[in-house]
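Worksheet for the structure shown next.
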């Protein structure tokens, strides 16, 4: 059956209501059965598409939120530096810093604009988009695509980092480092909890297998695996609360 005969309004009806409507229109029973079946399938497809887009949107939010936070920080620093330039007769110290921050601002904004378009489309998760770019030879880094810095063009990264090396180190505090891999504390907590849950399950399974194993080589393999998991647990605990969390515990080692 062609979808052309399916009216959009039917997709918003319950099955019982649609069934009764088609009976009222004196449609033959086989056709009614086919229409109800097709409407059910179209509803399932529509629901699956909405779910896919919702998941992709949330994953992109984890990528875009740190980028927007960094952009806001850089723009605040630019405003402060611009005032210092005016107060200090455009001294090189502040002029060079302003140029570096401006270039960094432009690079971040370009990435946000690009990734926001992908988020709106809802077709890719970050990892899927990175994989598609990599397949097309257009991924600017070897990152997984789960952090906004993975999408910075190499020439922009080199240019910005060079400008920051020209800046005078601050007399107090820490010098600004461009393209740091940081995420929001909320995203870190959520990803960390999910990773800890997976690691705990895998470690419990490995310990149970070890207890039942009789082959010496298998016991050695499992013992080495458990020790790697214990090391991963230690590294999870040591992660700063804005550090990206890898998708698997092996990514911690």
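Out of everything in the range 35-50 that is within 17 Å of residue 5 (Cβ to Cβ) and out of contact with any helix residue (DSSP H, G or I) (no Cβ under 9 Å at 6 or more places or on another chain), what residue ends up being modelled with the lowest pLDDT? In this case the residue turns out to be 45.
Of the residues making up the range 11-30, at least one is within 36 Å of the chain's Cα centre (by Cα), modelled with pLDDT of 80 or more and in a helix (DSSP H, G or I).
The values are calculated or read from the model by the stated rules, or taken from the named source; none is laboratory data. The model shown is predicted, which means the values in this text are computed figures rather than measured ones. No Cβ is skipped: glycine too gets one built from the backbone with ideal geometry, and neighbour counts run over all protein chains shown.
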